[in-house]
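The values are calculated or read from the model by the stated rules, or taken from the named source; none is laboratory data. Fair warning: this is a prediction, and the values are worked out from it, not measured in the lab. In this analysis, Cβ positions are derived from the backbone assuming ideal geometry, glycine residues included, and neighbour counts consider all displayed protein chains. Calculation scope for accessible area: heavy atoms of the full protein, side chains included, ligands and nucleic acids excluded. Shrake-Rupley method; radii C 1.70, N 1.55, O 1.52, S 1.80 Å.
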Amino acid sequence: MIKVITYGTFDLLHYGHISLLERAKALGDYLIVGVTSDDYDKSRGKINNHQTLSERIMAIRALGIADEVIVEEYEGQKIDDVRKYDVDVFTIGTDWKGKFDYLSDYCKVVYLDRTEGISSTEVRAARNRVKIGLIGESNSDLTSLDKFFREIQYVNGAIAHCANTDVGDLRVIEDYDELLNEVDAVYITSHPSKHYDQVRKALLRNKHVLCESPVTLNSLETKELFELAEKNHCILMEGLKTAYVTAYERLILLAKTGKIGKVLSVDATCTSMKQLASYRKEELAKNWNTITEWGPPMMLPVFQILGTNYEDKRIFTRFLSKEALYDDFIKIDFGYKDAVACVKCAKGAKSEGELVITGTEGYIYVPAPWWKTDYFEIRYENQSDNRRYFYQLDGEGIRYEIVAFTRMIESGKNLPGINRETSIAISKIMEAYYNGDVIELK
């Protein structure tokens, strides 16, 4: 019996896939099909699959062409599989020609011509071509807009269509109403004080919104916007790229499923030393202060692991300019019924930017900069039980965030990596800060 093996993502199964599988089967008597896992696809920079691994496997099985379906999970697995399954022929499309010649030491290698004029990339683009307008105005906003413009080019079906300021080679439309006429959705990274009005106007025009965190500086306003989005069948998503970083998603899952026992404490830190003393009060007021820029990502693991129903909180702040409400150091302590948390961030101080999640059986350690990590450790009393986890990180998580946004638009389901309760909880802390519920450090 001649065994044949082939591999692929097989997202949005189409005629080209079926043709290749039929020709692969004709090369022997028994066909094994390897379907790449989501994590392995991400490690190769392929982040825009529309179907889950289980959906893709079921689609392959339903064809009745494959005799066996396996999952490809890591680099180098092809050699292991050829040996394990005693494979005679390895085959794949000619777009990979020469890439797998090294397998000829183990079996025959055949490159099959692909079906012209059709690919999963083209199918995805045709199904989901979302025109996004970019909104921002200050220097710090431009940095975010430039990053977004760069990363969206890696996402099939999502297009940066125009902007209200100079970004790359995009057409500039300064008038917000006119810009909304041109797009399906907007990415908003203007100063948080402007978010409510800009988000609300977009939603009233039935435009989807990806808004940099915090959504607003008031919890009731944030709640109102989510309700408006739901009423108008629009997607409103809080833009916190950390939530979509693969390593971060995994460590949150491990923490919540008891890998380190019961979580008793979450400690998150981010600091930098920016030269702010020379800024005038008017300049400071236009920039994101410490709590708005770094507070949300630091609070994210607290609320995602321990929840949003804390019993008490204390906000410590040092003002660089109290008139401008511009702080250069923030520390927030949260008290829960059975746990505690500490968030510390600064633009005028320096400390180790790490994340530590303490449990009754061990702890999770994420080194600086933890908010865009590709690596973390789980550590135990017995060091031989320690585990290290590595994940590919592309684009600081921004491209993963864009993929999530476009998928929600296509599906019509508001299922982001940050739930509504977390968004409202973040805005509630902003509200307390701007209402003066702080302990001022001199």
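Would you list W96, W370, W288 from the most to the least accessible area, probe 1.4 Å? Present the calculation step by step, with values, prior to reporting the outcome.
Values: W96 95, W370 0, W288 25 Å².
Ranked list, largest accessible area first: W96, W288, W370.
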- Message: Compute, for the chain, the length of the dipole vector about the Cα centre, with Cβ point charges of +1 (Lys, Arg) and -1 (Asp, Glu) only. Units Debye, rounded to 20.
- Response: 320
- Query: Given that just one value was derived from the coordinates, which of (i) 39, 27, 18; (ii) 47, 30, 24; (iii) 44, 28, 18 is semi-axes √(5λ) of the Cα gyration tensor in Å?
  - Reply: (iii)
- Estimated vicinal HN-Hα couplings, Hz - the stretch 69-84 in sequence order (Karplus 6.51, -1.76, 1.60; Gly, Pro = x): 10, 10, 10, 8, 10, 8, 5, x, 5, 4, 5, 4, 5, 4, 5, 4
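Given the Cα-Cα distance of I79 and K337 and 0.36 nm per residue of separation, how much length would full extension add, in nm?
87.7 nm
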- Query: So what is the calculated 222 nm ellipticity per residue for the chain, using -39500 (n - 2.57) for each DSSP H run with n of 4 or more, over all residues, to the nearest 500 deg cm²/dmol?
  - Reply: -10500 deg cm²/dmol
- Query: Which of L31, L320, L112 moves the most in a Gaussian network model of the chain with Cα springs under 10 Å?
  - Reply: L112
- Note on the structure: Amide H proximity to A349 below 5 Å, modelled H, separation 5+ or other chain, gives S272, K274
- Query: Which percent of the accessible heavy-atom area of the chain goes to carbon and sulfur, probe 1.4 angstrom?
  - Reply: 46
- Message: I need to check one value: relative contact order of the chain, counting alpha carbon pairs closer than 8 Å and at least 6 residues apart, in percent.
- Response: 14
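Sort M298, M1 from largest to smallest accessible area, using a 1.4 Å probe on the heavy atoms of the protein chains.
Heavy-atom accessible area, descending, gives M1, M298.
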- Listed residues D105, D197 arranged by accessible area, highest first, probe 1.4 Å: D105, D197
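Under a 1.4 Å probe, what is the accessible area of the chain per residue, stated in Å²?
Value for the chain: 46 Å² per residue.
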- Choose one of N386, G136, A26: the residue whose Cα lies farthest towards the positive end of the charge dipole of the chain (beta-carbon charges +1 Lys, Arg; -1 Asp, Glu; about the Cα centre). N386
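Counting only DSSP beta bridges with both residues in the chain, tell me the antiparallel percent, nearest 5.
Approximately 40 percent, going by the DSSP bridge assignments.
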- Select from C345, C211, C107 the residue whose mean-square fluctuation is largest in a Gaussian network model of the chain (Cα-Cα springs shorter than 10 Å). C107
